[in-house]
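Q: Got a structure for you, written out below as structure tokens; questions coming shortly.
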Amino acid sequence: MEFSELIRTGQAQAELLRGPEMPPLRGTLCVTGHHLLLSPGPQATPDLWLLLLRSVDSIEKRVAGDAGTITLRCKDLRVLQLDIEGVEATLDIARSIEALSSLESVITSFPFFYRPKGLRLGEAWHFHPPERYYKRIARETRAWRLSEANEDFSLCPSYPRAVIVPRAVDDDALARSARFRQGGRFPVLSYYHAPSGTVLLRSSQPLTGPQKRRCAEDEELLRAVLAEARPGARGFIVDTRSAQAAKQARMTGGGTEAKAAYPGWKRLHRPLERGRPLQESFVRLMEACGDPEQSMDRWLSRLDGCRWLSHVKEALSTACLAAQGMEWEGACILVHGAEGTDSTLLVTSLGQLILDPLSRTMAGFQELIEREWIQACFCAGPIHLSLQR
């Protein structure tokens, strides 16, 4: 795609209002294929990189006389106001930002166009490969192995090529377990907690359906998890759906693990909001944060009404439940909802931040994000194969 086709006006004179405590900054506003920047001029400060256009959540434009104003509300809660000379320039820049900030294909995003000098794509794909994390685990226990059963992404298109699984379970069993889980997301290790010898796993829902189907290999996998932990170990399945939602999922082919089929595992329902209600809550939070005229009472009322802090509390409480189960009770934890992505990864990531000091360092946090969110969810099979082609 030629981004120049979407840029109606590449630059205009503008004044940036960044907040009540910062003076306005005047200069030349420039629109590129991925960024918005302001150049104050050679005698002033260096060019100011305002934002990556994909960070724009909503755009408001107003015109009056021979000038206009564009207000950008960003996904990181920033609000930028740009006063632009010329009505036509204002409208053209607003349309350009709208087009460039809403491109559907991830292949058009900045990381796929940015090429640092001397760095080849193959060198940059995995800064933290699964093999590196497995080596750390292998120094603590021999109960787990690195499987390449998903080498061609045929078992699960959203898992990486290599996953960490119980040593006692072979690749054929993994393949059958994958067919029994939605999207092929069979139970794999997220985190090994060395002090207690317990593990944090993630997966998607089992496809039990109305007929209450079973999968011997899936049951074998979770038995092996407890057997490798320690004699008499128990586990908790933290389902991020309500009991009613899980029951309804069974009628459409999904479901939950049957208690009789998974001895030693106890299911806990900790419903977390996701999808549109969560997005709407965040939008209301942004609207409340972007109103400078409201009183403190009005601000607190809007903050409570958007329920964003309630969603944060529920996510933290669920992650604390998982962490306490591993640390205090010596239990293994499997987390899943329906697809085993958004809310599941939120809980496993927060649980690791609570339990693992390394994850609270900058390098460890980067590794956590790549391992839990990029490699094992949003940027695995299809995109990796397209890059190879």
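Q: Could you work out the equivalent-ellipsoid semi-axes for the range 265-360, taking the square root of 5 times each eigenvalue of the Cα gyration tensor, largest first, in whole Å?
A: Working: eigenvalues 196, 45, 26 Å².
Working through the eigenvalues yields semi-axes of 31, 15, 11 Å.
Q: Compute the FRET efficiency between THR71 and ILE369 as 1/(1 + (r/R0)^6), taking r as their Cβ-Cβ distance and R0 = 25 Å, and round to the nearest 0.05. Each step should come with its number before you reach the end.
A: Numbers: r = 30 Å, r/R0 = 1.20.
FRET efficiency, THR71 to ILE369: 0.25.
Q: Additional query: Provide the percentage of antiparallel DSSP beta bridges, counting only those with both residues in the chain; round to the nearest 5.
A: Numbers: 43 of 56 bridges.
Roughly 75 percent of the DSSP beta bridges within the chain come out antiparallel.
Q: Compute the acute angle (0 to 90°) between the alpha-carbon long axis of helix 342-355 and the principal axis of greatest extent of the alpha-carbon atoms of the chain; round to the nearest 10°.
A: The helix 342-355 is inclined about 80 degrees to the chain.
Q: So what are the range 199-299's ellipsoid semi-axes, whole angstrom, largest first, if each one is the square root of 5 times an eigenvalue of the alpha-carbon gyration tensor? Before the final figure, lay out each step's value.
A: Values: eigenvalues 311, 65, 20 Å².
Semi-axis lengths for the range 199-299 are 39, 18, 10 Å.
Q: Can you tell me how the range 120-258 classifies by the Cα gyration tensor, rounded, prolate or oblate, using a/c under 1.5 as the rounded cut? Don't skip to the end; give the middle numbers.
A: On the way: a/c = 1.91, a/b = 1.33, b/c = 1.43.
Since a/c reaches 1.5 but b/c is at least a/b, the shape of the range 120-258 is classed as oblate.
Q: Here's a follow-up. Suppose a student asked you for the relative contact order of the chain, using Cα pairs under 8 Å spaced at least 6 residues apart; what percent would you report?
A: On the way: 662 pairs, mean separation 51.1, N = 389.
Relative contact order for the chain comes out at 13 percent.
Q: Let me ask something else about it. Over the chain, consider all pairs of different Cα atoms and compute the Kirkwood hydrodynamic radius from their mean reciprocal separation; express it in Å, one decimal.
A: Taking the inverse mean of 1/r over all distinct Cα pairs, the chain comes out at 23.7 Å.
Q: Rolling a 1.4 Å sphere over the protein heavy atoms, what is the accessible area per residue of the chain, to the nearest Å²? Walk me through the numbers on the way to the answer.
A: On the way: 19940 Å² over 389 residues.
On a per-residue basis, 51 Å².
Q: Could you work out what % of the accessible surface of the range 131-176 is carbon and sulfur, using a 1.4 angstrom probe and leaving DNA, RNA and ligands out of the count?
A: About 44 percent, which is the carbon plus sulfur part of the accessible surface.
Q: Tell me, what is the 1.4 Å probe accessible area of THR71, in Å² to the nearest 10?
A: 10
Q: For LYS75, tell me the accessible area in Å² from a 1.4 Å probe, rounded to the nearest 10.
A: LYS75 has an accessible surface of roughly 100 Å² with all protein chains in place.
Q: I would also like to ask the following. Express the carbon and sulfur contribution to the solvent-accessible surface of the range 231-389 as a percent, rounded to the nearest whole number, probe 1.4 angstrom. Please report the intermediate quantities before stating the final value.
A: Values: 4820 of 8240 Å².
Taking all protein chains in place, the range 231-389 shows 58 percent carbon and sulfur surface.
Q: Quick check: pseudo-label points 7 Å beyond the Cα along Cα→Cβ at LYS259 and ASP152, how many nm apart are they?
A: 4.3
The values are calculated or read from the model by the stated rules, or taken from the named source; none is laboratory data. On a predicted model such as this, the values are computed, not experimentally measured, just so you know. Every residue, glycine among them, receives a Cβ derived from its backbone with ideal geometry; neighbour counts consider all protein chains shown. Ligands, DNA and RNA are excluded from the accessible area calculation, which covers all protein heavy atoms including side chains. Shrake-Rupley method; radii C 1.70, N 1.55, O 1.52, S 1.80 Å.
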